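Q: This is the structure I have questions about; it appears just below.
Every number here is computed from the coordinates shown, using simple stated rules; none is lab data. Worth saying up front: this structure is predicted, and the values here are computed from it rather than measured. All Cβ positions, even for glycine, are placed from backbone atoms using ideal geometry, and neighbour counts span all protein chains on display.
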Amino acid sequence: MSQRIPVKELTDSFRGRAVGALADDQLRTNFRVAMDSLMKKRADAFPDEEEREGLRELGNHIKARALSRVPDLLEQLETRLTANGVKVHWAETTEEANRIVHSIIEAKQGSQVVKGKSMVSEEMEMNDYLAERNIECLESDMGEYIVQLDGEKPSHIIMPAIHKNRFQVSRLFHDKLGVDETEDVNELIQIGRRTLRQKFLEADVGVSGVNFAIAETGTLLLVENEGNGRMSTTAPPVHIAVTGIEKVVENLRDVVPLLSLLTRSALGQPITTYVNMISGPRKADELDGPEEVHLVLLDNGRSGAFADAQLRQTLNCIRCGACMNHCPVYTRVGGHTYGEVYPGPIGKIITPHMVGLHKVPDHPSASSLCGACGEVCPVKIPIPEMLQRLRQENVKSPAEQPKVKDGGAKYSRKERAIWRFWASLNTSPVIYRLFLWGATRFGKLAPKNVGPWTENHSAPVPARRSLHDLAKAHLNQGDR
Amino acid sequence: MSARSNILNKLRAGLAGTTPRPDDFDEGLVTRPWQYAPEDRITRLRSLMEAVHTEIHQLTTEEWPSKVQELLESRGLKNVLYAPGTEHGKLLAEHWQRAEPRPELLVYDRPIEEWKEELFWQVDASVTGTVGGIAATGSLVLWPDRHEPRLMSLLPPLHIALLKASEVEDNLYGMMQKHNWSAGLPTNLLLVSGPSKTADIEQVLAYGAHGPKELVVLILEDG
């Protein structure tokens, strides 16, 4: 029997969670070690700068070309897949997508689902949705399995359990699976293998994500190292793939550079162990593979980002995770601080379109704008530029008609009034001098508590003499 | 209005007044850095695959069936799944008749549903063909069909793959073009670049996650 899997509720805001994460030495060590290693692996995988830059440019052009024709490509994909025997479904919201998935499972009277790694299914919170309907939905990627077993969410899109070390996993397996504790990573993986193999055998339905959906041939391409993706898409009688509408590319050849960029940027591998290209359900003369294949195309705010030519670039993303691996903020606060499905720089620019800025008001500003994310992005998304744009949208007044979902979440009349005052002060010489006169004489009356600044700094005290004054005095003394 | 038309309408509205970007795909970017002299192709493939724990042997067409026997016997395996309907399957069966080795030959001759439990837990090894290899990334290309179904290269803990030396291409792009993949793909086309692995715990590499724990590639020299 399946039971509802309790997911640890995240408390507090981004700031509150960040404070907690920064004080957690174990967490910080786990992330620091992992990110350093991932950065090195990526660097080693791109030894030739010219080759890398040429490929990134090509990757950017391929995604931009696909997006410039995306409605046509989605229709072409649907036509080809349908001709291949795959049933295509469309969902505007995660609720709709869940209903579709549930109805497919229900039609088969399924009670057990195994899932390959899929971030879109995380967006949908599919595990919880199905568990509430008495359907067990089990993660089969080792990292996702560990995280699910502990009632957590992934903290990295490629390495979901990166926040845990072997001892924590060992204790978890001991507590939940009743096995002996072991510090041997190989043995831990073999425990996972044995447990999950039985689940692959029993499953009524397999769910997976999609890395690239190829319109030309009607093909769903998945990359992975473990083989759980192949298991989920091959062993159960039904396969349901869920993906975002931005994953479609025009031609089969387009995936050659994208694949190379993806695996090298994500893990520093020339290729993943498996590249799994699925073009249809089992044919009459074939002996395995699912009898039914479904594709659920999910919008969930993507068309909102698409509506704006600048923000549209967010949808170039191929989900490699390089931006988070290189992010100084992510490395320090960890994935869970972001509180949403996609953490790190890509999370900061995609999540507002999905859940609205009201829910993630600190996302655009949780960045030092150091630019590392933009520099490593394999499809050249100008992430810092997107963050700055979202900061603007975040403080727009309703009259300024923000272009992002729940834009103006941080709009404040008081802040606006202060800036208006500051602007008029600096554009009127008379008022400016008057202010300066006052500030230099009554500086001691300056406020001692100026918001977040004084949490970590002493309050600014105006100088006794202004720069104007000093300059005048200096010139009056003549050349010395 | 359906979700489909809502989504497509929104996307179309976003593109109003724009023209599609040109197709400026430069194939040189994915071929030029990945070209090898014929004698270097196998070396490159070998070194990449061996780096991820693949066992590789270069053999003649006559030798390989006895190598399969040796691989199985040295590991003390009970059985091996093979495809009697293929050329290489016939050669293997002939060798088995002559040498009468201990491991039993199994055939994937019925739908998965009829022997799922056995295939998941009881089959020790499999021998499959490939339609080629890719030097740039150290990959095998598998084209599963009725004779060699999809799970045959996934479930048994030991997968032995046969690769003809003459069918190794420089890079994925070349492979795709040469065999005109875009004209028609099988239900499932696979690139396999080593045994199953994971680095999900502390980034420590562990082999045999869900698929084969061992991948052995027998590279067959022509003649």
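Q: Distances over 17 Å make up what percent of all Cα-Cα pairs in the stretch A:38-86?
A: Taking all Cα-Cα pairs of the stretch A:38-86, the fraction more than 17 Å apart is 58 percent.
Q: Quick check: Cα centre of the stretch A:32-53 to Cα centre of the stretch A:226-261, how many Å?
A: Going from one Cα centre to the other spans 24 Å.
Q: Taking Cβ-Cβ under 4.7 Å as the only way to count a partner, pick out the unpartnered cysteines of chain A.
A: Unpaired cysteines in chain A: A:CYS137, A:CYS317, A:CYS320, A:CYS327, A:CYS370, A:CYS377.
Q: Would you mind ranking A:LEU196, A:LEU470 by Cβ crowding within 10 Å, fewest neighbours first?
A: A:LEU470, A:LEU196
Q: Sticking with this structure for a sec: Report, for the protein assembly as shown, the % of DSSP beta bridges that are antiparallel, rounded to 5.
A: Roughly 30 percent of the DSSP beta bridges within the protein assembly as shown come out antiparallel.
Q: Below 8 Å between Cα atoms, with a sequence gap of 6+, how large is the relative contact order for the stretch A:413-475 in percent?
A: Here the relative contact order equals 26 percent.
Q: Past 27 Å, Cα to Cα: identify those pairs from A:LYS63/A:LYS108; A:LYS40/B:LYS178; A:LYS117/A:LYS176; A:LYS396/A:LYS448; A:LYS108/A:LYS359, in the order given.
A: In this structure, A:LYS63/A:LYS108; A:LYS40/B:LYS178; A:LYS396/A:LYS448; A:LYS108/A:LYS359 lie more than 27 Å apart at Cα.
Q: Taking the convex hull of the Cα atoms, report for the stretch A:413-475 its projected area averaged over all directions, in nm².
A: Mean projected area of the Cα convex hull: 5.4 nm².
Q: Related question: Taking chain A on its own, what percent of its Cα-Cα pair distances exceed 29 Å?
A: 55 percent
Q: Can I ask one more? Suppose we take every Cα in the stretch A:159-271 and form the convex hull; what volume per residue is that in Å³?
A: 130 Å³
Q: Could you tell me which of the pairs A:LYS115/A:LYS247; B:LYS90/B:LYS213; A:LYS348/A:LYS414 are separated by over 22 angstrom between their Cα atoms in the structure shown?
A: B:LYS90/B:LYS213; A:LYS348/A:LYS414
Q: Moving on to the next point. Per residue of B:11-17, how many C-beta atoms from partner chains lie within 10 Å of its own C-beta, taken as a mean?
A: What the average comes to for B:11-17 is 6.
Q: Right, here's the next one. Please arrange A:ILE158, A:ILE350, A:ILE278 by how many other C-beta atoms lie within 10 Å of their C-beta, fewest to most.
A: Arranged by neighbour count, lowest to highest, A:ILE158, A:ILE350, A:ILE278 become A:ILE158, A:ILE350, A:ILE278.
Q: May I pose another question? Once each part is reduced to its C-alpha centroid, what is the distance from the stretch A:324-353 to the stretch A:262-306 in angstrom?
A: The two parts, judged by their Cα centres, are 24 Å apart.
Q: Mind checking the stretch A:54-92 for GluC sites (Glu not before Pro) that DSSP puts in a loop (not H, G, I, E or B) and that have at most 15 other Cβ atoms within 10 Å?
A: Answer by residue number: there is no such site.
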